[in-house]
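Before any comments, here is the structure.
The values are calculated or read from the model by the stated rules, or taken from the named source; none is laboratory data. Note that the coordinates shown come from a computational prediction; the quantities given were computed from them, not determined experimentally. Cβ placement follows ideal geometry from the backbone for every residue including glycine, while neighbour counts extend to all protein chains displayed.
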Amino acid sequence: MNTETATVEELNFQQERLFAQLSGRSDQSIARFCGELPRVPRSAYPEVLLGMGHLYEAFDLMFAVIAVSVQATHDVSPYEARYVTMQNVLQPFASEYGIEPGRPLQSTHRELYADFYTSATGKPWPSQYPEKTESKWLACGRRWTQAMIDRLQQAWPDPNDRAKYNLGYHWAVEALSVGEFDHLTAAWRSLGFDAPYMNAHCEVEEEHAGCAIGAVIAFSSVDDPLVVQGARDHESDLAGFYDECTSLILNGSFG
Ligand SMILES: [Fe+2]
Ligand SMILES: [Fe+2]
């Protein structure tokens, strides 16, 4: 396990090696979804943005689960590797709540998403997700939230294995969100919405991806099959979510 402080060049090099293990499938799915987004009627924006927002909030839950998986190796992983890894996992997690090292406290990403929702729909973000609803969009958000959490919480005989898989998944969450937000920002902008929610992510996602690859190499390596499996599984889950959203658009599943 490498616990030395890595340079930016080293992080980039390791990140490219892990990217080479991915297929590019989620990027294609996101691009396809963005291409179909103009077909969503404006009257359906509340439903669509609520369902998608459910999954977007689930990333906060995923970060919490991932952090637990690393700290749960307390008795079986090296002391220094563990705290360096935690530092790299907690930084992007804290960013979700507007806590950025060396910067004043920002808006939380949930606050920014709620503002985006209001600017797109003219309605306030609901204080709670409805327990029961006919909406296929919220069902889709809930299904993929559960699928991603289930991946991270699956049982492994060794806590170190679970942490390695979680760190691969975590890296893909951060690394793939760079392109995701580029696509989404361009798509929403073309529809007349220039959302601070998207821009905030565009500013920090590369930094987060650097933290995430730093966590991988502090705890394990990009050659570890469990890290690679975690990264591939997130790419597949992310593609699955956007593919389902695209199908909902193409099927006219609104209201
Ligand atoms: Fe975020
Ligand atoms: Fe991030």
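Does A147 satisfy the criteria of being more than 16 Å from ligand 1 (Cβ to nearest atom), within 16 Å of the chain's Cα centre (by Cα) and part of a helix (DSSP H, G or I)? The answer is yes for A147.
Contact annotation: residue pairs with Cβ atoms under 6 Å, 6 or more positions apart or on different chains, pairing a residue in segment 51-64 that is in contact (Cβ under 8 Å) with a residue 40 or more places away in the chain with a partner that is of a type in the set (D, E) and surrounded by fewer than 20 Cβ atoms within 10 Å (Cβ to Cβ), are D60/E96. Only residues that are within 16 Å of ligand 1 (Cβ to nearest atom), at pLDDT 95 or above and touching a Pro at 6+ places or on another chain (Cβ under 9 Å) were counted across segment 197-255, and they come to 2. Close contacts from segment 181-194, counting a first residue that is hydrophobic (A, V, I, L, M, F, W, C) and a second that is surrounded by 15 or more Cβ atoms within 10 Å (Cβ to Cβ) and not in a helix (DSSP H, G or I), with Cβ to Cβ under 7 Å and a gap of 6+ residues or different chains, come to W188/A195. R42 meets each of the listed conditions (1) out of contact with any Asp or Glu (no Cβ under 9 Å at 6 or more places or on another chain); (2) crowded, with 20+ Cβ neighbours inside 10 Å; (3) more than 17 Å from A218 (Cα to Cα); (4) not aliphatic (A, V, I, L, M) apart from (2).
Number of residues in segment 89-103 that are away from ligand 1 (no atom under 14 Å from the Cβ) and at pLDDT below 95 equals 3. For E174, are the conditions met, namely being in a helix (DSSP H, G or I), out of contact with any Asp or Glu (no Cβ under 8 Å at 6 or more places or on another chain) and acidic (D, E)? Considered against the rule, which asks whether it is in a helix (DSSP H, G or I), out of contact with any Asp or Glu (no Cβ under 8 Å at 6 or more places or on another chain) and acidic (D, E), E174 comes out as no. Within segment 224-248, the set of residues being closer than 12 Å to R32 by Cβ, over 19 Å from the mean Cα position of the chain (by Cα) and crowded, with 20+ Cβ neighbours inside 10 Å is empty.
Restricted to segment 45-88, and to residues there that are among the aromatic types (F, W, Y) and more than 15 Å from M148 (Cβ to Cβ), the residue that is surrounded by the fewest Cβ atoms within 10 Å (Cβ to Cβ) is Y79. Per this entry, T133 is not counted among residues that are surrounded by 15 or more Cβ atoms within 10 Å (Cβ to Cβ) and free of Cβ contacts under 8 Å to residues at least 24 places away in the same chain. Among G98, G122, which is of a type in the set (G, A, S), surrounded by 17 or more Cβ atoms within 10 Å (Cβ to Cβ) and within 20 Å of A195 (Cβ to Cβ)? Within the list G98, G122, the selection yields G98.
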